[in-house]
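No value in this document is a laboratory result; all are computed from the given coordinates. As the structure is a computational prediction, the values presented were derived from the model and not from experiment. Ideal geometry is used to build each Cβ from the backbone, glycine not excepted, and the neighbour counts take in all protein chains shown.
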Number of protein chains: 2
Amino acid sequence: MIEGRQTELWFTERQTDDVALSLRIAQTLLHEQTAWQELLVVETARYGRMLALDGAVQTTEKDEFIYHEMIGLVPVRSHPQPRRVAIVGGGDGGVVREVLKDPAVQQVTLVEIDPRVTEVARRYFPQIASGLDDPRVELRFEDGIAYIARLQQEVDVLIVDSTDPVGPATGLFGREFYQSAARALRPGGLLVAQTESPYLEPDIMSQALQAMAAVFPKTYLYLASVPTYPSGLWSFGVGSLGTDPRQPGARPLNGHTRYYNEDIHRAAFVLPTFVKELVNGTCQQQSTGE
Amino acid sequence: MIEGRQTELWFTERQTDDVALSLRIAQTLLHEQTAWQELLVVETARYGRMLALDGAVQTTEKDEFIYHEMIGLVPVRSHPQPRRVAIVGGGDGGVVREVLKDPAVQQVTLVEIDPRVTEVARRYFPQIASGLDDPRVELRFEDGIAYIARLQQEVDVLIVDSTDPVGPATGLFGREFYQSAARALRPGGLLVAQTESPYLEPDIMSQALQAMAAVFPKTYLYLASVPTYPSGLWSFGVGSLGTDPRQPGARPLNGHTRYYNEDIHRAAFVLPTFVKELVNGTCQQQSTGE
C-alpha cells in the first residue's frame, strides 16, 4: 500500500459526448432502477446530497435553490392572480416549495410520472420536499402530458420541471404539448419550461422556443446560473396568453430566497447577444432601460 | 481488440479538490514548462482550441468572447474618456482586442510576465491575439505589480486579467496592489479585476472586494457566465475613483460583440441574493428599476 493513498469515488456526468462534470462523492446512499429511470442518491463532497436520474444531475442540496426559485417564482410573481398552479415533473417538490411562498397561490397540482422520485425526495431531501404536505398541494402520479391534455382553462401557471428531452420527457418539448398547455391555461396564463443550456444544447432551446411561439401569442426566455447543470447556464422558455412575465408583482413573499430577488427577476430576461440571436424572432426582447 | 473501441483523450481540470471539468481532446498541440508556469495547448472536441496554464483553463476558441468582452468592455464603455488602458496579465491578447473596439482608447499597455503566453497566442490563437500589432498597443514583458507601482495618475482604466491567486498572480489580489493601482489611475479611473467564482471561491471573491473597498471610494461587482470556468459563473470586481461602471456610454463601438450589449452591461451588475450577501457592505448595489 502506498503511503497516504485513499479511495476516491467520483460521479461523472457526460454532459455531452465531449464534456463531463465530475463530483467527488463521500457515500452512495441509493442506486436503483425505477419503473421509469435509473435513480441515484449520493453524498457529494462539494454540493451536499445529490439526486441524479439516468446519469444526469437533477438537484443538489447546495445549489438546488437557484433552479427551483427561478423556475417557480418568476411565473408566479409576475402573474397578477396565480391561484392555481400545475407542475409537470418536479417530483422532488422543490418547485412546489417555491410557488407556495406566494400568498396568492391557492392550489398546486404536482404531476409526476415516477412516484419513486417523490418517495426518495421525502426521505433523502426533506428540505426540498418540505412543501409536499401543505394542504394546498395535490399529488398525482401519472403522465403529465395526458393530465394536461384533459384540462380546459383551469390553471393560471403551468411549470414544466422536466428532465432532458430523452425518455419520458421527450413529449414535453414539442408543439403538441404546448398546444394542450395553452388550452389548459386560463386567460392571461403562463407556461414556463426548462429549455436546456444555450451553450451546449442551443438547438433544443431554440426549437422549444419556436414551438412555443407557434402556439402562444408571446414567448420569452430567461436565464439563470446553475453550477451543476451543463455549462453552468440554464434557460427557461415562457409562453404567455397575456401576462408579461418580466415584471414581478408587489405581493409580499412568505419565506426568503437566496438567488431570486426583484432585480434578478427582471435581469434574468436580459440576454447575451449570442442567445438573442439563437431565439431571434421567437422571443420578446428585454431591456434594462437607462 | 474490442470492436469499435477508440482512444479517448481527456483534459481534466480539478476545479476544486471535489469538482472536475473534463473536455475531450482531439489533439495535443503544445505542452511545455515556461519560466513561469506549465502551458498546454490542445484542440478540444467541444470548445475548439484551448490554452491551459498550470492545469487551469484560461481560454477556449468557442467561449473566449464572453470573458474578454466582459472584462474589457464594461470598464472602457462606462469610462467617459478611457484614453489610456493598462492590462496586467492577459498575454493572449483577448482583452486588448476588446478594448480597442472603443474609439476613445488611444493607448493600451499590456504587461504580461510570461512572454511565452503571447508567443503561443500569436501562433495558436491568432483570432485572440489579433489586436497585439495595433499601433496603439505597447507590449511589456515584466512583472505587472512592479510596473503598476511605478505609475502615478497615468491610466484611465486598469484591467487585471490574471490567473488564479496562486503562483505569480497571488500579489494581484491583495490590498497593497490595489493601493498602487489606485495611485496609477487618473482621477475618475477604474480598476477591474477577475475575482473568481462566487460559488466555488466565495472567500477569494469577497476578500478581494474587501481589499478594494479599503482603498477605493466605491467598489462594484458584476458577473458573467463562462462555461469552461469553474461553476460556469465568473465575477469581476471594480474599484472606482469616481466613474460609475454600471452605465455604458453612447460612443459607437468598432466591431461586433457576441455576449456584451448595453443591456447586459447593466444587468451584469444585478446580483443574486446570495452574492449580494457575500459582498454585503463592500459593494454598491444595482437595481434594474421598474
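Details
- Amide hydrogen neighbours beyond the local backbone of A:Thr109, cut-off 5 Å, H modeled: A:Val85, A:Ala86, A:Ile87, A:Glu138
- Shape analysis of chain B based on the Cα gyration tensor places the equivalent ellipsoid semi-axes at 30, 22, 19 Å, largest first.
- Annotation: amide H of B:Gln247 has no partner in the under-5 Å range at sequence separation 5 or more or interchain, hydrogens built in the peptide plane.
- As a calculated quantity, the FRET efficiency between A:His256 and B:Asp54 at R0 = 41 Å, using C-beta atoms, amounts to about 0.55.
- Rounded to whole Hz, the Karplus (6.51, -1.76, 1.60) HN-Hα couplings of the range B:26-42, x for glycine and proline: 8, 6, 9, 9, 7, 8, 8, 9, 8, 5, 10, 6, 8, 10, 10, 10, 10
- Put the Cα centre of the range B:174-200 next to the Cα centre of the range A:210-229 and the gap is 37 Å.
- Derived scalar couplings ³J(HN,Hα) [the range B:91-97; Karplus, 6.51 cos²θ - 1.76 cosθ + 1.60; whole Hz; x for Gly, Pro]: x, 6, x, x, 6, 4, 3
- Computed from the alpha carbon positions, the gyration tensor of the range A:1-113 leads to an equivalent ellipsoid with semi-axes of 35, 15, 12 Å, biggest first.
- Taking amide H positions as modeled 1.01 Å from N, with prolines and chain starts lacking one, the residues under 5 Å from A:Leu233 and 5 or more places away or on another chain are A:Val226.
- Rounded to the nearest 5, the antiparallel percentage of DSSP beta bridges internal to the protein assembly as shown is 70%.
- Between copies, A:Gln107 shows label-point distances of 7.2 nm, shortest first, with the point placed 7 angstrom from Cα along Cα to C-beta.
- Other residues lying with their Cβ under 13 Å from the Cβ of B:Thr257 contribute a combined charge of -2, Lys and Arg counting +1, Asp and Glu -1.
- Here the Karplus relation 6.51 cos²θ - 1.76 cosθ + 1.60, evaluated at θ = phi - 60°, turns the backbone of the range B:58-63 into coupling constants of 9, 7, 10, 4, 7, 10 Hz, with x for every Gly and Pro.
- Semi-axis lengths, Å, the range B:186-256, gyration tensor of Cα atoms, sqrt of 5 times eigenvalues: 23, 19, 7
- Length gained when the stretch A:Asn280-A:Glu43 is fully extended (0.36 nm per residue, less Cα-Cα span): 81.2 nm
- Given in Å, the Rg to one decimal and the Dmax to the nearest whole number for the Cα atoms of the protein assembly as shown are 24.3, 74.
- Using a simple spin-label model with pseudo-atoms 7 Å out from Cα toward Cβ, B:Arg14 and A:Ala146 lie 5.0 nm apart.
- Sequence-distant contacts, meaning Cα pairs under 8 Å at least 6 residues apart, place the relative contact order of the range B:175-224 at 41 percent.
- If both residues of a DSSP beta bridge must be in chain A, then about 65% of such bridges are antiparallel.
- Global form of the range B:9-59, assessed from the alpha-carbon gyration tensor, a/c cut-off 1.5: oblate
- Take every pair of alpha-carbon atoms less than 8 Å apart whose residues are at least six positions apart; their mean separation over the length of chain A yields a relative contact order of 16 percent.
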